[in-house]
1. Express the carbon and sulfur contribution to the solvent-accessible surface of the chain as a percent, rounded to the nearest whole number, probe 1.4 angstrom.
2. With n ≥ 4 as the cut-off for DSSP H runs, can you work out [θ] at 222 nm for the chain, using -39500 (n - 2.57) per run divided by the number of residues, rounded to the nearest 500?
3. Any idea of the accessible area per residue across segment 11-58, 1.4 Å probe, to the nearest Å²?
4. Bin by bin, in steps of 10 Å, what percent of the Cα pairs in the chain do you find, going until the bin that has the longest distance?
Amino acid sequence: MQEHPVKPVENYTTPFLVSAGVLLFSTLLVIWAWLGLLAALAISWGMNKLLDWRRSRA
C-alpha cells in the first residue's frame, strides 16, 4: 500500500458560524412573529368579550 501525504483540511468554522447565526436569527424571528400574533388574537378576543359584557348590561 502506498502512503499518501497528509494535507491540512479546510477551515469551515466561519461559514458554519455565519450559517448558524442566520438560522438562529430566522428561528427567533418566527417565534417573535407567532407570539405577536397570539398576543394580538388574545387582546382582540378579550376586547370582544368586554364589549359583549358591556352590551348585555345596557
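1. 71
2. Value at 222 nm, helices only: -29000 deg cm²/dmol.
3. Normalised by residue count, the accessible surface of segment 11-58 is 95 Å².
4. Going out from 0 Å in 10 Å bins, the chain shows 18, 18, 16, 15, 12, 9, 6, 4, 2, 1 percent.
The values are calculated or read from the model by the stated rules, or taken from the named source; none is laboratory data. Predicted, not measured: the structure shown is a model, and the values here were computed from it. Protein only, heavy atoms only, side chains kept; ligands, DNA and RNA dropped before computing areas. Shrake-Rupley method; radii C 1.70, N 1.55, O 1.52, S 1.80 Å.
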